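A short write-up of the structure that comes next.
The values are calculated or read from the model by the stated rules, or taken from the named source; none is laboratory data. All figures in this text were calculated on a predicted structure; none of them were measured in a lab. Every residue, glycine among them, receives a Cβ derived from its backbone with ideal geometry; neighbour counts consider all protein chains shown. With ligands, DNA and RNA removed, areas are computed over all heavy atoms of the protein, side chains included. Shrake-Rupley method; radii C 1.70, N 1.55, O 1.52, S 1.80 Å.
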Amino acid sequence: MAVLGLVVAGLVLAGPARAADPVYPPGLKVGLSPAGGLRASDRFPGFEDKDTGASVLILEVSGQSIAETSKQISRDRLKKQGITEERRESFPAGGNGTLVAGRQEAEGKAVRKWILLAPAGESSALVIVQVPEESTKAYSDDAVRGMLATVAMRETVPIEEQLGLLPIRLDELSGMRPIRVMGSAGALLTEGPKDTVDVAEQPLLLVSIGRGGPEENAARDTFARNLLAGFGAYKEVRIVGTEMLRLGGGAAQTHQVMAEAKDPKTDTPIKLVQWVRFGAGAYVRIVGIARNEAWSDAFPRFRAVRDGVNPRG
């Protein structure tokens, strides 16, 4: 399993506990109160102390039961990864956690390791603490256990935090509101009071990132048309216009497709616009949908959001 592959890779993890509010790595529901010199890492989901080499890796394991996940930290599995188990015990984190403590040779250095598996809602939390042997005075067993006792779970991840994980920025929302982030693939926005994806009620705008895309302009037209044809389950979709745009004075080309259709549930007439901005080996796709009577107000907003989509970094 990839989880234990990360363990073996020796991502350095750990720290003493203090009474403080939990800190959550971006995008995760599981967090803890980091101890000592541990600070949020920009390399992995967790915390690290760059002075001592100690760090804490936090993973959320979904799609399998905690019983299944626990097999990945069995004594035999850990032994195969070069981890010598010294102690295994029940731990109160999550109400019914399991804590394993041991030692390992990682990148030619001896390290102490603690692995906590705990229930986290419908998922499991795997917290891996690793401390170089020479740093155990700063991160003792009692200190690590105290820190692990602060493991907590929040109900949701704020949508602003989720947006921050996308490879693009939405610098202009033009009155629209993000209601859903799809991992690192994009975001869905609406205009109106409800968090709905029902276009018969409110305008919708999808901003997403895809890999690949054709190099030739002629092929891009077909590619963009096929993308729109596969979008949603709208009825009687009819393309009414296509155009290649060069926006913002840059070299990147944006393919625009305009279409008309009907809502599949209510037969409400709707209009759609799709912009596909092609780049090197990737593309940004923006799709706006609104009822006919809402189109004159929605379309300028869609364009404003489109013009505010920029690479992150």
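Quick notes on this one:
- Residue match in the range 51-66 (condition: without any contact (Cβ under 8 Å) to a residue 40 or more places away in the chain and closer than 18 Å to R112 by Cα): yes
- Within the range 280-307, residues that are on the phi > 0 side of the Ramachandran plot sit with their Cβ atoms under 9 Å from residues that are open to solvent by 20 Å² or more (accessible area, probe 1.4 Å), at 6+ positions apart or across chains, in these pairs: G281/R211; G281/G212; G281/G213.
- Counted as qualifying within the range 171-214 are the strands (runs of 3 or more DSSP E) with 2 or more residues that are open to solvent by 20 Å² or more (accessible area, probe 1.4 Å), modelled with pLDDT of 90 or more and more than 20 Å from L228 (Cα to Cα), namely 177-181.
One line per residue, one yes/no per condition, for (1) in contact with a Ser or Thr (Cβ under 8 Å, 6 or more places away or on another chain); (2) open to solvent by 10 Å² or more (accessible area, probe 1.4 Å); (3) assigned to a helix (DSSP H, G or I):
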| residue | (1), (2), (3) |
| --- | --- |
| Q72 | no, yes, yes |
| R77 | no, yes, yes |
| R87 | no, yes, no |
| G102 | yes, no, no |
| K113 | no, no, no |
| L126 | yes, no, no |
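- Scanning the range 287-313 for residues that are under 20 Å from L227 (Cβ atoms) and not in a helix (DSSP H, G or I) returns V287, G288, I289, A290, V309.
- Per the listing A20, A40, A35, A2, the residue uniquely modelled with pLDDT under 90 and more than 20 Å from P119 (Cα to Cα) is A20.
- Flag if R291 is buried (at least 19 other Cβ atoms within 10 Å of the Cβ) and assigned by the TED database to the domain that holds M182: no
- Taking the criterion of being on the phi > 0 side of the Ramachandran plot and in contact (Cβ under 8 Å) with a residue 60 or more places away in the chain, the residues of the range 212-269 that qualify are G212, G213.
- Which numbered condition A219 fails, given (1) within 22 Å of Y234 (Cβ to Cβ); (2) over 24 Å from the mean Cα position of the chain (by Cα); (3) of a type outside the set (D, E, K, R): (1)
- For K194, the stated conditions do not hold, so it cannot be described as in the same structural domain as A120 (by the TED database) and among the basic types (K, R).
- In the range 268-281, the residue that is nearest to G164 (Cα to Cα) out of those that are outside any strand (DSSP E or B) and in contact with a strand residue (DSSP E or B) (Cβ under 7 Å, 6 or more places away or on another chain) is G281.
- Scanning the range 27-70 for residues that are on the phi < 0 side of the Ramachandran plot, surrounded by 13 or more Cβ atoms within 10 Å (Cβ to Cβ), under 16 Å from the mean Cα position of the chain (by Cα) and in a loop (DSSP other than H, G, I, E, B) yields L28, K29, S41, F44, P45.
- Options V237, V284; residue that is at pLDDT below 95, of a type in the set (A, V, I, L, M), open to solvent by 30 Å² or more (accessible area, probe 1.4 Å) and assigned to a strand (DSSP E or B): V237
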